[in-house]
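Below: one structure, written as structure tokens.
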Amino acid sequence: MSDWILVSDREPTVDEIRERNEFICSDGMTTYIRTYSFRLHGFVTDYRGRESKDRGVIAWMPLPEPYRDPNAAQKAEEEEYNNVYFNANYY
């Protein structure tokens, strides 16, 4: 996992935001998930459908990649093969 990035050093790049606009943020005491808003020029929180800038964020980092089962591709191929074979309705 990457290290914390101070907001005073830099904000997320356009590519980072386009890739996945969710970041782990910290105010120095707690961590939470926030999105970044170009319109408000900062990390935002959503309250009752309205975005407001979270001015307490001092550091952030990208979320890690979600877990992927290493055998998922092989299992999907086997399942597809079994579905085709058993649903062929050969008489």
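Tabulated data
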read-out	value
Of the criteria (1) at pLDDT 95 or above; (2) within 15 Å of the chain's Cα centre (by Cα), which one residue 1 fails	(1)
Flag if residue 48 is out of contact with any helix residue (DSSP H, G or I) (no Cβ under 6 Å at 6 or more places or on another chain) and at positive phi	yes
Qualifying residue in region 60-69 (condition: in contact with a helix residue (DSSP H, G or I) (Cβ under 9 Å, 6 or more places away or on another chain), within 17 Å of residue 16 (Cβ to Cβ) and in a strand (DSSP E or B))	yes
Filter result (more than 16 Å from residue 28 (Cβ to Cβ) and among the aromatic types (Phe, Trp, Tyr)) within region 42-75	47, 67
Residue within region 16-29 that is at pLDDT 95 or above, outside any strand (DSSP E or B), under 15 Å from residue 6 (Cα atoms) and among the β-branched types (Val, Ile, Thr) present	no
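For every residue, the table says whether it meets (1) surrounded by 10 or more Cβ atoms within 10 Å (Cβ to Cβ); (2) modelled with pLDDT under 95; (3) more than 19 Å from residue 14 (Cα to Cα).
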site: 43; (1), (2), (3): yes, no, no
site: 59; (1), (2), (3): yes, no, no
site: 64; (1), (2), (3): no, yes, no
site: 74; (1), (2), (3): yes, yes, yes
site: 81; (1), (2), (3): yes, yes, yes
site: 88; (1), (2), (3): no, yes, yes
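The values are calculated or read from the model by the stated rules, or taken from the named source; none is laboratory data. These numbers were taken from a predicted model, which means no experiment stands behind them. Here Cβ is always computed from backbone atoms with ideal geometry, including for glycine, and neighbour counts include all displayed protein chains.
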